[in-house]
Amino acid sequence: MRHIERHKTHRIGWLRAAVLGANDGIVSTASLVLGVAAAGAASKDILIAGVAALVAGAMSMAAGEYVSVSSQADTETADLERERKELAADPAHEHEELRDIYIARGLDAELAAAVATQLMAHDALGAHGRDELGISDALAARPVQAALSSAATFSVGAVLPLLVVFLFPVHWLMWSVAISALLFLALLGSVAAYAGGASVMVAAARVTFWGALAMALTAGVGALFGVAA
């Protein structure tokens, strides 16, 4: 039977990395721009600092995502290999483990044993990976995908406040960057929520609040050190 329901869980891997990258690109670059502008820097210096932040941030996001998700993938691979050895060494015990999992989920003992038998006959490792270890194709770690998604979306997010720096004169920079960044964040939260099937308003408010806090703190530090200089 064809599955006609449209769920969103298959998007979790790339969506998480993409939202993280774009959010960090907007917040970190806009915050840096505000901090440097608050310290009294010239427009050219602000733009140079922003471009450097874009390049460094994109590479940092790519490397960080690749390393962290690779660690997750290594753990998943090690657990599956351990499970493969246990299935070969003691299949009866593994059958009992799977049966007990299904009993805990609400099946009676006889039906749970029958389900465990049939699933293990079809794909024993897949059944144990999914139901015992919580590893599935939809949620599996994909390091390259995560790294590319984060780097690309960070770059897109970072370009947005830089465009504002390029378009507006320095005496309008503080307000123009802050307001535009908050609008970009609200749009990002809305799009991400829509793609994931979540509440648009809640997501937009969440990313906007934390972005505003980050920019306010960075601008305050820039103003403090600018005055001290």
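The values are calculated or read from the model by the stated rules, or taken from the named source; none is laboratory data. Here the structure is a predicted model, which is why all the values come from computation and not from measurement. No Cβ is skipped: glycine too gets one built from the backbone with ideal geometry, and neighbour counts run over all protein chains shown. For the accessible areas, the whole protein counts, side chains as well, though only heavy atoms, and no ligand, DNA or RNA atoms are used. Shrake-Rupley method; radii C 1.70, N 1.55, O 1.52, S 1.80 Å.
Scoring Tyr194 on the criteria (1) open to solvent by 60 Å² or more (accessible area, probe 1.4 Å); (2) at pLDDT below 85; (3) in contact with a Ser or Thr (Cβ under 9 Å, 6 or more places away or on another chain) leaves a single failure, condition (3).
Taking the conditions exactly as written (touching a residue at least 40 places away in the same chain (Cβ under 8 Å), open to solvent by less than 50 Å² (accessible area, probe 1.4 Å) and farther than 30 Å from Lys44 by Cβ), does Val165 satisfy them or not? The answer is no for Val165. Residue count for segment 122-140, restricted to those that are at pLDDT below 85 and either more than 18 Å from Arg84 (Cβ to Cβ) or open to solvent by 80 Å² or more (accessible area, probe 1.4 Å) (or both): 4. Looking across Val177, Val156, one residue alone is open to solvent by 20 Å² or more (accessible area, probe 1.4 Å) and of a type in the set (Val, Ile, Thr). It is Val156.
Regarding Val67, is this residue open to solvent by 40 Å² or more (accessible area, probe 1.4 Å) and modelled with pLDDT under 90? So Val67 fits the description; yes.
Restricting to segment 111-121, give me the number of residues that are open to solvent by 70 Å² or more (accessible area, probe 1.4 Å) and either among the aliphatic types (A, V, I, L, M) or modelled with pLDDT under 90 (or both).
First, the residues of segment 111-121 that are open to solvent by 70 Å² or more (accessible area, probe 1.4 Å): 111, 117-118, 121.
If we keep only those that are either among the aliphatic types (A, V, I, L, M) or modelled with pLDDT under 90 (or both) as well, we get 111, 121.
Of the residues in segment 111-121, 2 are open to solvent by 70 Å² or more (accessible area, probe 1.4 Å) and either among the aliphatic types (A, V, I, L, M) or modelled with pLDDT under 90 (or both).
For (1) among the aromatic types (Phe, Trp, Tyr); (2) touching a helix residue (DSSP H, G or I) at 6+ places or on another chain (Cβ under 7 Å); (3) surrounded by fewer than 13 Cβ atoms within 10 Å (Cβ to Cβ); (4) modelled with pLDDT under 55, each residue gets a yes or a no:
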position: Arg11; (1), (2), (3), (4): no, yes, no, yes
position: Arg16; (1), (2), (3), (4): no, no, no, no
position: Leu32; (1), (2), (3), (4): no, yes, no, no
position: Gly40; (1), (2), (3), (4): no, yes, no, no
